[in-house]
Amino acid sequence: MKRNKVKKILHIGVFVVLLAFLFGWYLLDGRPVVLGIFQNGAYGTQLELDTSFEYIAQKYNGGVAVFGKEGLTGITNGGRIGWKIDFAVTDPILSCNGRYVLAAERGGKRLVLSVGGKVQQDMEMDSKIISATVNSKGVFAVVTEERGYKGRVKVYNAKGKELYAWHSAEQNILGIALSEDSKQMAISVVNMTDLSRLCTVMQFNLDETTPRTLTVGDENLVANLIYNGKDLLAVGDEALYYFKNNGTEKFRLDYAGRELQKFSFYSGGVLCTAFNNGGDGVASQVEFYDTTGKLKGSCAVNGEISDLDTFGKYAVVTGRQGLMVIGHNGKIKAERYDGIGAEKVFLCGSRNRVFLLGSLNAGMYIF
């Protein structure tokens, strides 16, 4: 009897120590403790986050920023609300890069640059904001309206000091990006004078006034520009182009009549694309390319893809098919088909965690 009593005490002690360890892990890591195991993964706790309003969300180093009518909120990589900034808008502009989160309202004049929920710059522009972007050094560019011009671009450092300015006299500005070394800026514009070419991409050295023009096809409308270090990715509606910092084309990917649904270019130079192969969204194709244009892997997916994201060795896609985590070689790592209902998905941190945002809920999925 005495021996059994000792065993029981030991078992209780081990259980208490295990609970204390899990609780401490939760507090230190910010990661929800997973108790329910499913077929290929597990759910953590859901967030008390109102996602029924119109918002946009982007990933930064440390988590995901959500911006809209409820203000600017930072979700940690562990799936917990980490910080909030009082900045409620109806037409949000959000750009995240490295630790920096840049938020503004389209048609408004206020702009906020923050790091970890701490405001670095809270600026009032002298004219209405059209778009804005930030690089990983905190250098940011703002496109605003300007009387007598189609738009004006100003570049600022993280302290709010103006570094560069450029005016577009006749062309509407579509996309803008800053290189990671803060020495170059790329802008895409709609041609209003040269009718032989729908869109032009211009690359500026910020110590010069005359840009170089990059060729992106005659009928290709480029709205997305992303720097990978000093190299530039230009994503259009018919093809995408990858340029070296001197403007030399490194590779191009023609869509060959397919519709580009989504793309992601965060994961160490690996580009992930999702194409609709036709037939009212019956079949989609997820493809992975390196920065030489070489196809690393692909995966067929049933239905249209509503969102995707990449991090490390994986991509996550969501849509009518549910949720799938796919390796760069095209092999499926994890999947769920139980009506998750996510509209935005993000691969967060290095522990195989997916943060899901929907119109009714938000939470973390671990695979």
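Every condition in (1) within 27 Å of the chain's Cα centre (by Cα); (2) over 24 Å from residue 244 (Cβ atoms) is met by residue 187 except one, and the failing one is (2).
Taken over segment 204-223, the criterion of being in a strand (DSSP E or B), closer than 14 Å to residue 238 by Cβ and open to solvent by less than 20 Å² (accessible area, probe 1.4 Å) is satisfied by 222 alone.
Only a single criterion out of (1) open to solvent by 30 Å² or more (accessible area, probe 1.4 Å); (2) modelled with pLDDT of 95 or more; (3) not aromatic (Phe, Trp, Tyr) is not satisfied by residue 253, namely (1).
Residues checked against (1) at pLDDT 85 or above; (2) open to solvent by 60 Å² or more (accessible area, probe 1.4 Å); (3) farther than 23 Å from residue 81 by Cβ:
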{"residue": "295", "(1), (2), (3)": "yes, yes, yes"}
{"residue": "299", "(1), (2), (3)": "yes, no, yes"}
{"residue": "311", "(1), (2), (3)": "yes, yes, no"}
{"residue": "315", "(1), (2), (3)": "yes, no, yes"}
{"residue": "349", "(1), (2), (3)": "no, no, no"}
{"residue": "356", "(1), (2), (3)": "no, no, no"}
{"residue": "365", "(1), (2), (3)": "no, no, no"}
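Looking across segment 317-338, the residues that are small (Gly, Ala, Ser) and not in a loop (DSSP other than H, G, I, E, B) come down to 319, 322, 327, 334.
Assessment of segment 283-297 against the conditions (among the hydroxyl-bearing types (Ser, Thr, Tyr), in contact with a Gly (Cβ under 6 Å, 6 or more places away or on another chain) and closer than 30 Å to residue 355 by Cβ) yields at least one matching residue.
On inspection, residue 71 passes the criterion of being modelled with pLDDT under 95, open to solvent by less than 40 Å² (accessible area, probe 1.4 Å) and closer than 23 Å to residue 129 by Cα. Scanning segment 68-97 for residues that are touching a residue at least 24 places away in the same chain (Cβ under 8 Å), outside any strand (DSSP E or B) and of a type outside the set (Ser, Thr, Tyr) returns 77, 78, 79, 80, 87. Could you please let me know if residue 285 is more than 18 Å from the chain's Cα centre (by Cα) and modelled with pLDDT under 75? The answer is no for residue 285.
The values are calculated or read from the model by the stated rules, or taken from the named source; none is laboratory data. Predicted, not measured: the structure shown is a model, and the values here were computed from it. Positions of Cβ are generated from backbone atoms using ideal geometry, with glycine treated the same way; all protein chains shown enter the neighbour counts. Ligands, DNA and RNA are stripped out before the accessible areas are found, and what is left, the full protein with its side chains, is counted by its heavy atoms. Shrake-Rupley method; radii C 1.70, N 1.55, O 1.52, S 1.80 Å.
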